[in-house]
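So the structure is just underneath, and the comments pick up after that.
The values are calculated or read from the model by the stated rules, or taken from the named source; none is laboratory data. Please read all numbers here as calculations on a predicted model, not as lab measurements. Positions of Cβ are backbone-derived with ideal geometry, glycine not excepted, and every protein chain shown enters the neighbour counts. Ligands, DNA and RNA are excluded from the accessible area calculation, which covers all protein heavy atoms including side chains. Shrake-Rupley method; radii C 1.70, N 1.55, O 1.52, S 1.80 Å.
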Amino acid sequence: MHEQALIPNLFRTEYRKIVSVLCSTFGIDHIEIAEDIVSDTFLTATESWSINGIPENPTAWLYTVAKNKTKNHLKRDQLFQQKISTEIKYTSSNTEEFDIDLSQKNIIDSQLAMMFTICNPSISKESQISLALNLLCGFGTQEVADAFLVNKEVVYKRLKRAKEKLKTEGIKIEQPSASQINSNLQTVLTTLYLLFSEGYYSTSQNAILRKDLCEEAIRLTLLLLENPMTNSPSTNALLSMMYFHSSRFNARISENGENILYEEQDDTLWDHALIEKGIKFLNQSASGNSLTKFHLEAAIAYWHTKKKDTGEKWENILHLYNQLLQIEYSPIAALNRTFAFAKVRGKSAAISEAEKLNLTDNSFYYSLLGHLYTDIDDMKAIENFEKALKLSNSSSVSYTLKKYIDQLTGKNR
């Protein structure tokens, strides 16, 4: 691979690994130093490889340079060495003998420890996702800003506040105990669920970024499955849901960036290998006695991989939504249930159900009403699509809504 492509690729895959190990080694108070050392390692790689060429084993080269830079920092900064001397996990007082453990096992252990640290209830969900993208996924501040569709400065301040909060609370980066896993695993899973959702439901026009977010959420969930203590039915259910949704990713967006509704998707573009993976993990999630929102959402996503409209399909989806709303109510789940309700009971009955929700600040609410009123009262359908258009903050969604309005206007001239 050419240097211009190799270094960004290695940055995405190796930055997060080295940062996790250094953070785990130095402690939460020194996250910025860990990030600086790793960033400087990649800067050195850029300079060296442009002159001397790419080394035979680029990853090993990065690890060696990161270790040496860490030793140099310890020797150079006596205050830093004194402050973390009780935290660093080594017995020798000789800096020359100090080594960073970048074995595959320690990388995985460090990333798991970081995951549970980042998903601490003391910081907001948005901050948890931002830190996960930054520290566990190797996303730069601008990429995180693009993912959230906010200004770079907003993300910078969010990351800074979150790190300071973790320091103030005295949160340690350490392997979670069995009791910590029992009490905090659902929080970690929820953060990964939200991370995946940022990609899958994002209104960003950057399709590559959206896919990257989903793939990173899947990678981190797979990491949980590698540890027997976090390989729970809920973890398997979450991964199953991610695979089912990801299988339809390429069919959801047209070549010109337009959103394609489920019923209009070309199922030949669905990834059936991912569907098979989803089925595998859904089956594995069936062990145990608990039924979580992840189980129900995975089952709903499974039925959506059946393209053919059948009574059985929509009855099952409606039943699953009814259960989901009992476990954890959300306006979006209620709207999605209404779509399934229309399939089972008809549009007229579904209009009544939808209007009870009265989500007047939600673009999707009016868009759904527009679809339900189509062919029943086209003027009301147009009215609702226009309201959805005013609330939409996505150019691709707006384009689709304008198309529906134009079609109905032309039909009723």
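For E56, the conditions (1) open to solvent by less than 60 Å² (accessible area, probe 1.4 Å); (2) in a loop (DSSP other than H, G, I, E, B) are fulfilled apart from (1). Contact annotation: residue pairs with Cβ atoms under 8 Å, 6 or more positions apart or on different chains, pairing a residue in segment 325-348 that is β-branched (V, I, T) with a partner that is not in a helix (DSSP H, G or I), are I327/L291; I327/T292.
Here segment 73-105 is the region considered, the condition is being open to solvent by less than 70 Å² (accessible area, probe 1.4 Å) and in a helix (DSSP H, G or I), and the residue that is modelled with the lowest pLDDT is T95. Which members of segment 363-395 meet the condition of being buried (at least 17 other Cβ atoms within 10 Å of the Cβ), under 27 Å from the mean Cα position of the chain (by Cα) and among the polar types (S, T, N, Q)? Answer for segment 363-395, where residues must be buried (at least 17 other Cβ atoms within 10 Å of the Cβ), under 27 Å from the mean Cα position of the chain (by Cα) and among the polar types (S, T, N, Q): S363, S367, S392, S394. Here I332 passes the criteria (1) closer than 17 Å to H245 by Cα; (2) of a type in the set (V, I, T); (3) crowded, with 20+ Cβ neighbours inside 10 Å except the one numbered (3). Checking each residue in segment 396-413 for being of a type in the set (V, I, T) and either open to solvent by 80 Å² or more (accessible area, probe 1.4 Å) or over 29 Å from the mean Cα position of the chain (by Cα) (or both) picks out I405, T409.
Could you check, for segment 260-268, whether at least one of its residues is over 24 Å from S396 (Cβ atoms) and either exposed (fewer than 15 other Cβ atoms within 10 Å of the Cβ) or not acidic (D, E) (or both)? Scanning segment 260-268 turns up no residue that is over 24 Å from S396 (Cβ atoms) and either exposed (fewer than 15 other Cβ atoms within 10 Å of the Cβ) or not acidic (D, E) (or both).
Taking segment 239-270 as the range and being under 19 Å from D212 (Cβ atoms) and assigned to a loop (DSSP other than H, G, I, E, B) as the test, the residues that pass are R248, R252, G257.
Of the residues making up segment 307-319, those that are open to solvent by 20 Å² or more (accessible area, probe 1.4 Å) and at pLDDT 95 or above number 4. All of S367, S394 fail the test of being in contact with a Ser or Thr (Cβ under 6 Å, 6 or more places away or on another chain) and either closer than 16 Å to E258 by Cα or of a type in the set (S, T, N, Q) (or both), apart from S394. I'm trying to understand the selection: among the residues of segment 348-359, which are more than 10 Å from A334 (Cβ to Cβ), outside any helix (DSSP H, G or I) and open to solvent by less than 80 Å² (accessible area, probe 1.4 Å)? Within segment 348-359, none qualify. I'd like the full set of residues that are polar (S, T, N, Q) and either within 14 Å of the chain's Cα centre (by Cα) or open to solvent by 20 Å² or more (accessible area, probe 1.4 Å) (or both), limited to segment 209-231. Listed by number, the residues that qualify are T221, N227, N231.
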